[in-house]
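The numbers here are math on the coordinates, done by the rules we state, and not lab data. Note that the coordinates shown come from a computational prediction; the quantities given were computed from them, not determined experimentally. Counting neighbours? That spans all protein chains shown, and the Cβs are built from the backbone with ideal geometry, glycine included.
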Amino acid sequence: MFHVETYDHNKEKGYELVIKQLKALLEGETDGIANLANASALLNQFLDEINWVGFYLIKEGELVLGPFQGLPACVRIKLGKGVCGTAAATGETQRVADVHAFPGHIACDAASNSEIVVPLLKDGEIIGVLDIDSPNKNRFDETDEKCLVEFTRVLGEYL
């Protein structure tokens, strides 16, 4: 049975715990979709002030919606377009304080004001992205970025 624990005052300790929980959820499971579904549910439970968390996977040269938590989302995103497509095309995490100022931003949910997108790698190749949206501007900081990069690194080992 899964048990939720949080550290209310130390963000890095909280992320350490969530990564530990991720490893426990993934251990012994080989189905990638199941692992992505549990990873998105775990982050949705852990992170506050977010309105969408999920994955887009590269299929036939574009990003296609994968497991997520939140409102229905854009199904396909061209590489290089929007925040997700930029992260996938460049291989660099995109931490955007105000999505409305991001050139070419794709508004799947009008309530989203900030976003972080982390490339998802398997064996050194980008296979998709982790996308997290928030209704708050400037929701994500350097700690979020560093820890979410580690979260996706661990996840990539199980895909």
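Taking amide H positions as modeled 1.01 Å from N, with prolines and chain starts lacking one, the residues under 5 Å from Gly128 and 5 or more places away or on another chain are Ile58, Leu120. Each residue of the range 112-123 was assigned a 3J(HN,Hα) from its phi angle through the Karplus curve 6.51 cos²θ - 1.76 cosθ + 1.60 (θ = phi - 60°); the sequence is 6, 10, 9, 7, 10, 10, 10, x, 10, 10, 10, 6 Hz, with glycine and proline shown as x.
With the cut-off at 1.5 for a/c, could you classify the chain from its C-alpha gyration tensor as rounded, prolate or oblate? Oblate shape, in that a/c is at least 1.5 and b/c is the bigger or equal ratio. Charges were assigned to the Cβ only: +1 to each Lys and Arg, -1 to each Asp and Glu. The resulting dipole of the range 11-156 about its Cα centre is roughly 140 debye.
Rounded to the nearest 0.05, what FRET efficiency do Lys13 and Ala97 give with R0 = 25 Å and r taken as the Cβ-Cβ distance? Could you check? Calculated transfer efficiency: 0.55. Label-to-label distance for Ile33 and Glu142 is 4.1 nm, based on points extended 7 Å past Cα in the beta-carbon direction. Over the chain, DSSP H runs of length four or greater, each weighted -39,500 (n - 2.57), average out per residue to a 222 nm ellipticity of -11000 deg cm²/dmol. Per-peptide packing, taken as the mean over residues of other Cβ atoms within 10 Å, places 89-97, 50-58, 127-135 in the sequence 127-135, 50-58, 89-97 from highest down.
Were the residues from Asp109 through Val75 laid out at 0.36 nm apart, the gain over their Cα-Cα distance would be 11.0 nm.
Our estimate of slack between Val149 and Ile58, defined as 0.36 nm per intervening residue step minus the Cα-Cα distance, is 31.0 nm.
Taking Cβ-Cβ under 4.7 Å as the only way to count a partner, pick out the unpartnered cysteines of the chain. So, Cys84, Cys147. Total lysine pairs in the chain at Cα distances under 21 Å, for residues eight or more apart or on different chains: 17.
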